[in-house]
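Read the figures in this text as sums done on the coordinates, not as results from a lab. Because the structure is predicted, anything quoted here is derived from the model rather than measured. Here the Cβ positions follow ideal geometry from the backbone for every residue, glycine too, while neighbour counts run over all protein chains shown.
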Amino acid sequence: MNKLQALCNSRDLLEGGLAVPFDVNYAGQACRAFAIRYQGLPQAYLNRCSHVAMELDWQPNQVFDDTGEWLVCASHGATFRPDTGQCVAGSGPGGLVKIMLSELDGIVYWHAACNLTPVLV
């Protein structure tokens, strides 16, 4: 299964700005996820640090550092690349779980896959 789910309007994702949160089921668990814009492109990840099973936000929907160039875990300071989710500084290897996005006609869509599905309300 690979189904497109409307996530937000393109204008809701500002370069290096606040994340747009959304809920997904990942590997049978309800999880928070977030979408951002970086270098002009929308990106999305599970909101779960790869080192400590906690959300990245240091304030609601704030996952970027002060420069808007890096994603940072509020719990222990691990730093991740916004375009790939790869950990570049922190406690050990690993990266964020990437969620595929598409942008078309002013709407950002995420791709539901076998291990990643919408949360039913």
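Quick one: length gained pulling N9 to V88 fully straight, 0.36 nm per residue minus the C-alpha distance? Before the final figure, lay out the partial values.
On the way: separation 79, 0.36 × 79 = 28.44 nm, distance 3.00 nm.
So the extension gain works out to 25.4 nm.
Whole-Hz Karplus ³J(HN,Hα) for the range 51-63, in order, using 6.51 cos²θ - 1.76 cosθ + 1.60 and θ = phi - 60°, x for Gly and Pro?
9, 10, 5, 9, 6, 6, 3, 9, 9, x, 6, 9, 10
What is the order of D65, D105, fewest Cβ neighbours within 10 Å to most? Present the calculation step by step, with values, prior to reporting the outcome.
On the way: D65 15, D105 5.
Exposure proxy ranking, most exposed first: D105, D65.
Hey, can you grab everything whose amide H is under 5 Å from the amide H of G90? Only 5+ residues off in sequence or another chain; H modelled, so Pro and N-termini drop out.
Here T79 satisfy the definition.
Let me test this: with uniform point scatterers at the alpha carbons of the chain, what is the Debye-based log₁₀ I(q)/I(0) at q = 0.23 1/Å?
With no solvent term, the Cα-only Debye profile gives -1.40.
Between T79 and E103, how many nm apart are label points set 7 Å from Cα along the C-beta direction?
Here the answer is 2.5 nm between the modelled labels.
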